[in-house]
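The values are calculated or read from the model by the stated rules, or taken from the named source; none is laboratory data. Keep in mind that this is a model prediction, so the values were computed, not measured. Please note: Cβ atoms are built from the backbone with ideal geometry, for glycine as well, and neighbour counts cover all protein chains shown.
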């Protein structure tokens, strides 16, 4: 009898869903949640786990589950790790003005593939080619959705069922277990490893060239470096040999930069301008690493080769959209005008320690009465596979809330979408990557955490 009474107290789906709190919500999301909740209640009634049905609790539970589903999981976070090109946090930031320009383009009809002068179908890549050829003194450019796509497209177009020579020390694996050897295999190209892990010489390339060889390839050592008894062949030597043997020379640079980097970083990694002096057949790099723009795989090189890449049917699957093209165009214009301060990644990288320390003082002044904190000198990495193992100076603020371990602190701040790091058993916020517009939010979050 008790079970029968409880079953009768369960709300009817059609009436329950008409509650005023549910009026403007998606019925497609609500109905499955409600049905699952009612099914769970029926099961609890049968097993005598409950003695009453609380409609208010059911109502609240439904709303909580709905909000959890409908709240976007992709959210803004504050990067206080100090890692500028943080792959897990979206890599390079987009310049707000570039984004505003892209918004104007994307919310209107536009001439993405329409030639305004000729009044007929045009090519989407033409919007970038004239700017890129000036920026890098190259013959032509092609942009795909990321650098892994660029590598795959190049290998598939020119080396399918052919041999590509690569140094063993450059058979990289990047984040997510993506290996250059597997990309090459899936593209249809045959990998020919030369040299050893720590040493490769030019003769290693030359001695392994056969009638099936199509390409000499150099790969940037992303996220690692080989030091000590080690040597590698510079790209200009590889490029020269390839031209002598009538082969394609290709540099998968990964992270390409234009300007001389601070803190002596330019000594460890050549710039795009340095590489272009070798007149490469093909060069590819990421748009959202040290280049400082949007996610893209940028391919520059000989016009004849770029034209062949454009004819590969795979390009339709790898091409970029109007948003990417618009943002890239705006950023390249800024670079041509030497407005590197408008490239957020470079702006963060070039900030000197004195400015970071002043920013830290602004933060610490507002929180010193509620938490234990201090300003410290520290070092950080650029990230994104750029300048591997090379650290740059930075300034951080350590924060300690009573009775909380560093790991607990990290979790608490993550709950506020503030991502810090632990160093020397201290939780800290690195000012290298903190936008000063976010300081007030950080201050309020800290005060909230100390009073909760």
If you check residue 117 against the conditions, is it out of contact with any helix residue (DSSP H, G or I) (no Cβ under 7 Å at 6 or more places or on another chain) and on the phi < 0 side of the Ramachandran plot?
yes
Tally of residues being without any contact (Cβ under 8 Å) to a residue 12 or more places away in the chain, within 20 Å of residue 316 (Cα to Cα) and not in a strand (DSSP E or B) across the stretch 101-122:
3
When residue 291 is run through (1) buried (at least 20 other Cβ atoms within 10 Å of the Cβ); (2) not in a loop (DSSP other than H, G, I, E, B), the failure sits at (2)
Only residues that are under 22 Å from the mean Cα position of the chain (by Cα) and exposed (fewer than 13 other Cβ atoms within 10 Å of the Cβ): list them for the stretch 390-414, please.
414
Which members of the stretch 4-23 meet the condition of being under 44 Å from the mean Cα position of the chain (by Cα) and in a loop (DSSP other than H, G, I, E, B)?
17, 18, 19, 23
Name the residue that is modelled with the lowest pLDDT, counting only residues in the stretch 238-270 that are over 20 Å from the mean Cα position of the chain (by Cα) and closer than 17 Å to residue 135 by Cα.
270
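Within the stretch 322-342, which residues are exposed (fewer than 15 other Cβ atoms within 10 Å of the Cβ) and touching a residue at least 12 places away in the same chain (Cβ under 8 Å)? Explain how you work it out, then say what you get.
Pass one, the stretch 322-342, residues exposed (fewer than 15 other Cβ atoms within 10 Å of the Cβ): 336-339, 341.
Passing the criteria: only 336.
Condition first: surrounded by fewer than 17 Cβ atoms within 10 Å (Cβ to Cβ) and at pLDDT 85 or above. Can you find one or more residues in the stretch 78-88 that meet it?
yes
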Which of (1) surrounded by fewer than 16 Cβ atoms within 10 Å (Cβ to Cβ); (2) more than 25 Å from the chain's Cα centre (by Cα) is the odd one out, the single condition residue 235 does not satisfy?
(1)
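Condition first: part of a helix (DSSP H, G or I) and touching a helix residue (DSSP H, G or I) at 6+ places or on another chain (Cβ under 7 Å). Now tell me which residues in the stretch 123-133 satisfy that.
Step one: filter the stretch 123-133 for residues part of a helix (DSSP H, G or I), giving 126-133.
Residues satisfying the conditions are 127, 128, 131, 132.
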Answer yes or no: is there a residue in the stretch 429-439 that is assigned to a strand (DSSP E or B), out of contact with any strand residue (DSSP E or B) (no Cβ under 6 Å at 6 or more places or on another chain) and surrounded by fewer than 18 Cβ atoms within 10 Å (Cβ to Cβ).
no
Say we look at the stretch 348-389 and pick out the residues that are in a loop (DSSP other than H, G, I, E, B) and more than 28 Å from the chain's Cα centre (by Cα); which of these is nearest to residue 427 (Cα to Cα)?
371
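Of these, 323, 253, 309, which one is assigned by TED's automatic domain parsing to the domain that holds residue 147 and over 15 Å from residue 150 (Cβ atoms)? Before you say what the answer is, go through the steps one by one.
Details: 253 fails: over 15 Å from residue 150 (Cβ atoms); 309 fails: over 15 Å from residue 150 (Cβ atoms).
Testing whether each residue is assigned by TED's automatic domain parsing to the domain that holds residue 147 and over 15 Å from residue 150 (Cβ atoms) leaves just 323.
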Every residue in the stretch 41-54 that is within 23 Å of residue 67 (Cα to Cα) and surrounded by 13 or more Cβ atoms within 10 Å (Cβ to Cβ), please.
41, 53
Selection within the stretch 107-120 - surrounded by 13 or more Cβ atoms within 10 Å (Cβ to Cβ) and out of contact with any strand residue (DSSP E or B) (no Cβ under 7 Å at 6 or more places or on another chain):
110, 111, 112
Being under 21 Å from residue 155 (Cβ atoms) and in a loop (DSSP other than H, G, I, E, B) is the filter here; which residues of the stretch 261-278 pass it?
278
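Being touching a helix residue (DSSP H, G or I) at 6+ places or on another chain (Cβ under 6 Å) and either surrounded by fewer than 17 Cβ atoms within 10 Å (Cβ to Cβ) or on the phi < 0 side of the Ramachandran plot (or both) narrows it down to one residue among 92, 73; which is it?
On the way: 73 fails: touching a helix residue (DSSP H, G or I) at 6+ places or on another chain (Cβ under 6 Å).
Testing whether each residue is touching a helix residue (DSSP H, G or I) at 6+ places or on another chain (Cβ under 6 Å) and either surrounded by fewer than 17 Cβ atoms within 10 Å (Cβ to Cβ) or on the phi < 0 side of the Ramachandran plot (or both) leaves just 92.
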Among the residues of the stretch 10-26, are any surrounded by 11 or more Cβ atoms within 10 Å (Cβ to Cβ), at pLDDT 90 or above, in contact with a helix residue (DSSP H, G or I) (Cβ under 9 Å, 6 or more places away or on another chain) and more than 30 Å from residue 398 (Cβ to Cβ)?
yes
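Having 3 or more residues that are in contact with a strand residue (DSSP E or B) (Cβ under 8 Å, 6 or more places away or on another chain) and free of Cβ contacts under 8 Å to residues at least 40 places away in the same chain is the bar; report the helices (runs of 4 or more DSSP H) wholly within the stretch 134-226 that clear it. Before the answer, list the steps.
On the way: elements: 147-158, 180-187, 202-207.
Those helices (runs of 4 or more DSSP H) span 180-187.
Given 398, 411, 345, which one is free of Cβ contacts under 8 Å to residues at least 40 places away in the same chain, closer than 15 Å to residue 80 by Cα and not in a strand (DSSP E or B)? Break it down into steps so the answer makes sense when it comes.
Numbers: 398 fails: not in a strand (DSSP E or B); 345 fails: free of Cβ contacts under 8 Å to residues at least 40 places away in the same chain.
The match here is 411.
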Residue check: is residue 58 touching a residue at least 60 places away in the same chain (Cβ under 8 Å), outside any strand (DSSP E or B) and outside the structural domain of residue 430 (by TED's automatic domain parsing)?
no
